[in-house]
Amino acid sequence: MSSTLPSPQRPESFSSPDLAPKLHLYTVGTPNGYKPSILLEELHAAYPDSKELVYDFIPLSFSEKDQKKPEFLAINPNGRIPALVDENVGGGHNIWESASILLWLIEQYDKDHKFSFTDAKLRADTLSWIFFAHGGVGPMQGQANHFYRYAPEQIPYGIKRYQEETLRLYSVLEDQLKKPESKGFLVGGKYSVADINVFPWVRGHAWAGLDIEPYPHVAKWLETIEARPAVYKGLGVPTRGKKLSKEEEDKKAEESRKNFGFGK
């Protein structure tokens, strides 16, 4: 039986047909979707000769409810993006939840710990910041997005509640990043998977109506990460977004409300 999901596509890094993809990323251009594509591109840049890191991606559509189709639910029973199928493992292996995908990729393919750590304390710190983002920044900013952009009616309490909590979480990031020993990153004085895990969410602060001017170290951190070539490539999967005008933002929000079933 043929799949009703979109056909796989190749990122520019692996455009050659001679390279057989072993990793298959199911994704959409959202903060959670960008996390694994950024790490995959960083790993490829760090280990350019690794054939295990060749990947393709399946650009799912929320409007078509691809994430709820049986073919995708067989990979991720929760029906959410992203998900990864790793064929480097005998029999293949499905990984879902964005942080879980990042940890899998690091454990399997970051052999020289370029984006991770060998020290037990630093590894624990990495997990703490990953869980902080996964249980805090993502859910809170996601709710800020909802009430600010997608809710069919404006609810000032909901907007204020989630915007303020997201900004409180940004202040936690600010306090960590301004420590001299941090060198501008979350763990161990170097760019790591801990940064990659939360970067796409904070990068989207404006969509939630948030101002990061009060957090200069967070702003510098965003600028530093976004300037990395591999991050640029990762943000192009599945498609590269563009800076929108106010009118375009409103139109995008209206379309999203319909796709998510929030419209009237």
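The values are calculated or read from the model by the stated rules, or taken from the named source; none is laboratory data. These numbers were taken from a predicted model, which means no experiment stands behind them. Here Cβ is always computed from backbone atoms with ideal geometry, including for glycine, and neighbour counts include all displayed protein chains.
Structure above, values below:
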| item | result |
| --- | --- |
| Among the candidates Gly184, Gly241, residue that is surrounded by fewer than 16 Cβ atoms within 10 Å (Cβ to Cβ), small (Gly, Ala, Ser), assigned to a loop (DSSP other than H, G, I, E, B) and not assigned by TED's automatic domain parsing to the domain that holds Phe57 | Gly241 |
| Answer residue from the stretch 13-55, given it is modelled with pLDDT of 95 or more and of a type in the set (D, E, K, R) and is surrounded by the fewest Cβ atoms within 10 Å (Cβ to Cβ) among those | Asp49 |
| Where Lys35 falls short, out of the listed (1) under 24 Å from Trp201 (Cα atoms); (2) without any contact (Cβ under 8 Å) to a residue 40 or more places away in the chain; (3) among the basic types (Lys, Arg) | (2) |
| Extreme residue, farthest from the chain's Cα centre (by Cα), among residues of the stretch 103-140 that are in a loop (DSSP other than H, G, I, E, B) and in contact (Cβ under 8 Å) with a residue 40 or more places away in the chain | Asp119 |
| Given (1) over 25 Å from Thr239 (Cβ atoms); (2) outside the structural domain of Ala206 (by TED's automatic domain parsing); (3) of a type outside the set (Ser, Thr, Tyr), number of the condition Asp56 does not satisfy | (1) |
| Residue count, the stretch 149-193 (criterion: in contact with a Leu (Cβ under 9 Å, 6 or more places away or on another chain), closer than 13 Å to Gly209 by Cα and not polar (S, T, N, Q)) | 1 |
| Candidate set: the stretch 1-18, residues that are under 25 Å from the mean Cα position of the chain (by Cα) and in a loop (DSSP other than H, G, I, E, B); chosen: the one nearest to Pro229 (Cα to Cα) | Pro11 |
| Count of the stretch 47-69 residues which are charged (D, E, K, R) and part of a loop (DSSP other than H, G, I, E, B) | 4 |
| Selection from the stretch 72-113 of residues that are within 12 Å of His24 (Cβ to Cβ) and not hydrophobic (A, V, I, L, M, F, W, C) | Pro82, Asp86, Glu87, Asn88, Gly92, His93, Asn94 |
| Unmet criterion (only one of (1) among the basic types (Lys, Arg); (2) under 18 Å from the mean Cα position of the chain (by Cα); (3) more than 19 Å from Lys35 (Cα to Cα)) for Arg80 | (3) |
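Yes/no matrix, rows are residues, columns are (1) of a type in the set (S, T, N, Q); (2) modelled with pLDDT of 95 or more; (3) surrounded by fewer than 21 Cβ atoms within 10 Å (Cβ to Cβ); (4) not assigned by TED's automatic domain parsing to the domain that holds Leu103:
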{"position": "Ala133", "(1), (2), (3), (4)": "no, yes, no, yes"}
{"position": "Gly138", "(1), (2), (3), (4)": "no, yes, no, yes"}
{"position": "Gln141", "(1), (2), (3), (4)": "yes, yes, no, yes"}
{"position": "Pro152", "(1), (2), (3), (4)": "no, no, yes, yes"}
{"position": "Ile159", "(1), (2), (3), (4)": "no, yes, yes, yes"}
{"position": "Glu174", "(1), (2), (3), (4)": "no, yes, yes, yes"}
{"position": "Gly234", "(1), (2), (3), (4)": "no, yes, no, yes"}
{"position": "Val237", "(1), (2), (3), (4)": "no, yes, no, yes"}
